[in-house]
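What follows is one structure encoded as structure tokens, with my remarks underneath.
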Amino acid sequence: MMREFKLENNLSCCVKTNKNTPRIALSLNFAIAKPERHAGEYLLMNRLLMKGTQKYSSEELSAILDENAIDLYTEMKHDYLRFRFVSLNEDFELALSILADIIKNSTFEEFEKERIKLKGELLAELDSAKSKVSDLFTKHIYKNHFYGHSFTTILAEIDNVTFDDVKNAYNDILTNSYKTLAVVGDIEPDIAKNLLNKYLASICESINNESEIPTPDEVKQNYDEIIQEDAQQAQIIQGWQVAPVTSDDYPKLMLLNIILGASGLSSRLFLELREKKGLAYTVRTSYEIHLKSAVFSIYIGTEPSNIQTSIAGFTEEIEKIKNIPISEEELHNAKNNLIGKQQFITETNSQQANMMAYYSIFGFPYNYQETLIEKIKKITSEDLQKCANKYFNENFVIAVIKP
């Protein structure tokens, strides 16, 4: 049973009752309407939200969450800030009260300490060649854009971020954002509505603001590489800007991702580049989505001597999917794989709440996943060919890390 309603502050909510489940999950998203002023400003803000409120110190907050087995944390995405928790049914109101306190009364007091920790973690992450090639790729595919704020971009700008920058950025998100919330668990909608109004109706009103994040500039073909002397292998990413979640091509690109490289041992790139040609340690594709854009990319880890052969292999497989119709058997298997993944990622109350709030923040119904699955079932081989020819063009970026 699902029921939708709005709180007294216009916050859009949906409660899905799953009987006889011991834990209740909540996911609350605040839309991001503006790019950050300095790279890392939003990331630092997000980390500080769990570092104490006017009521609780950072240590007290951690203790009360641990004592009551409440998993509560925040996540910063490019297009939304997410608050989420999972609690035992009997502790739902307690978890809500703590969440409301964090949203309304965070102090951001550990600012400098957290900035130093963030810089250390990013530097450690960039010791990985895989992270380094991803960083290089991101900077080029979204050059001079908010979505392109990679780890190295953040490290270059984070010292310019002040305490006031972080606090003002959060206040702006809090007061000028569209907000959506999903609750899933063994709770009646009327009870949930009363509790949500009690604790969350006093936060700033949900506003349907147009996003001021610009559409990224069109990518021009670009090849860039970094020499890393201690690298053991070459890391390669090739990618294109493609349609985002709001496009009719979204389910088609999801299916192309499954066929090319996201279905593990049965994917084309794995079979051709690893199994038949022995080029890859790892090869996969990904489809990473934002509101104003998305990226479809191919990644491979290989011997340095195989760099050009691997890139030629990418081209060969892309040309095949553009020019040779996909068989009915492969299409059927890919659809089953994708639909199975969709069902797998919504098994728990927490996963369901996150998925419902995720689609809602992008303007879809809370139950959009059901519509998405029906759209996937209707995709034809011709649809996929047209989609591949539309996006897999000469405007790609290739990033390489090699010894």
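Structure notes:
- Selection of trypsin sites (Lys or Arg not before Pro), the stretch 1-60, meeting DSSP coil and at most 10 other Cβ within 10 Å: K19
- Accessible solvent surface per residue of the stretch 24-87, calculated while the other protein chains remain in place, 1.4 angstrom probe, Å²: 36
- For the residue pairs K6/K77; K119/K292; K143/K402; K220/K402; K179/K402; K117/K139, the C-alpha atoms sit more than 32 angstrom apart in K179/K402.
- Surface composition of the stretch 47-143: carbon and sulfur make up 46 percent of the accessible area, probe 1.4 Å.
- Cα centroid of the stretch 90-120 to Cα centroid of the stretch 24-51, whole Å: 11
- Sequence of M1, M50 from largest to smallest accessible area, 1.4 Å probe: M1, M50
- For the stretch 354-402, carbon and sulfur atoms together expose 49% of the accessible surface, with a 1.4 angstrom probe and every protein chain in place.
- Sulfur and carbon atoms: percent of accessible area, the stretch 219-322 [1.4 Å]: 47
- Calculated P(r) of the chain - Cα pairs past 35 Å, %: 34
- Contact order normalised by residue count of the chain, Cα under 8 Å, 6+ apart, percent: 24
- Reachable aspartates and glutamates from K193, criterion Cα separation under 13 angstrom, eight or more residues apart if same chain: E4, E8, E93
- Solvent-accessible area per residue, Å², over the stretch 186-306 with all protein chains present [probe radius 1.4 Å]: 46
- The mean sequence distance of close C-alpha pairs (under 8 Å, at least 6 residues apart), as a share of the length of the stretch 33-107, puts its relative contact order at 35 percent.
- Helix 163-175 and the longest principal axis of the Cα set of the chain meet at an angle near 80°.
- 222 nm mean residue ellipticity, helices alone, for the chain (DSSP H n ≥ 4; -39,500 (n - 2.57); rounded to 500): -13000 deg cm²/dmol
- Restricting the stretch 352-403 to GluC sites (Glu not before Pro) in coil, as DSSP defines it, with at most 13 other Cβ within 10 Å: E394
- In the chain, the longest principal axis of the Cα atoms and the axis of helix 349-361 are about 80 degrees apart.
- Between the beta carbons of D172 and E394, assuming R0 = 35 Å, the FRET efficiency works out to 0.35 to the nearest 0.05.
- Only lysines eight or more places from K335 in sequence, or on another chain, were considered; those with a Cα closer than 22 Å are K252, K320, K322, K375, K377, K378, K386, K390.
- Accessible area in square angstrom per residue, the stretch 108-148, 1.4 angstrom probe: 50
- Distance from the stretch 346-389 to the stretch 219-291 (C-alpha centre basis), Å: 21
- Sparsely packed loop sites in the stretch 113-211 (the GluC sites (Glu not before Pro) outside DSSP H, G, I, E and B with at most 13 other Cβ atoms within 10 Å) comprise E210.
- Once both labels are positioned 7 Å from their Cα atoms along Cα-to-Cβ, the gap between L265 and S286 label points is 2.4 nm.
- Backbone HN-Hα couplings from phi across the stretch 120-126 [Karplus 6.51/-1.76/1.60, Hz, Gly and Pro as x]: x, 5, 5, 4, 5, 4, 6
- Range of Cα positions in the stretch 317-403 per principal axis (Å), largest first: 40, 40, 26
The values are calculated or read from the model by the stated rules, or taken from the named source; none is laboratory data. The structure displayed is predicted, hence computed values, not measured ones. Cβ: placed from backbone, ideal geometry, glycine included. Neighbour counts: every protein chain shown. Just the protein is used for accessible areas: all its heavy atoms, side chains included, with ligands, DNA and RNA removed. Shrake-Rupley method; radii C 1.70, N 1.55, O 1.52, S 1.80 Å.
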